[in-house]
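One structure is given below, encoded as structure tokens.
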């Protein structure tokens, strides 16, 4: 999960340097693979840390919160892009991904 997080952070920064459609395709493939790894591991982690009786509700609540946060992030991101530009958004997203990945090292089982 840590490796996937750092790879994803690097991929997000790499979007600012692409010069061809083929590079975009390659980044999208890598992005898809790291996202698949992270989503699978996140669900497995949630399954480990929740009680069996409330597991479905807890995972559903987590996914609902993520969906709401994505909606707000899209609105806020649009504002930032309009005011500052696209490259800043990619750098900010990469920094957030890297910081959240570093926080994973402090989770104990």
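The values are calculated or read from the model by the stated rules, or taken from the named source; none is laboratory data. Given the structure is predicted, the values throughout are model-derived calculations rather than measurements. For neighbour counting, all protein chains shown are included, and Cβ atoms are generated from backbone atoms with ideal geometry for every residue, glycine included.
Which one of 78, 32 is closer than 15 Å to residue 12 by Cα and within 18 Å of the chain's Cα centre (by Cα)? Break it down into steps so the answer makes sense when it comes.
Numbers: 78 fails: closer than 15 Å to residue 12 by Cα.
Sole residue among the options that is closer than 15 Å to residue 12 by Cα and within 18 Å of the chain's Cα centre (by Cα): 32.
Rundown of residues vs (1) touching a strand residue (DSSP E or B) at 6+ places or on another chain (Cβ under 8 Å); (2) within 21 Å of residue 96 (Cβ to Cβ); (3) modelled with pLDDT of 90 or more, yes/no style:
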residue: 5; (1), (2), (3): no, yes, no
residue: 10; (1), (2), (3): no, yes, no
residue: 14; (1), (2), (3): no, yes, yes
residue: 39; (1), (2), (3): no, yes, no
residue: 49; (1), (2), (3): no, no, no
residue: 65; (1), (2), (3): no, yes, yes
residue: 77; (1), (2), (3): no, yes, no
Please tell me if residue 97 is modelled with pLDDT of 90 or more and in contact with a helix residue (DSSP H, G or I) (Cβ under 8 Å, 6 or more places away or on another chain).
no
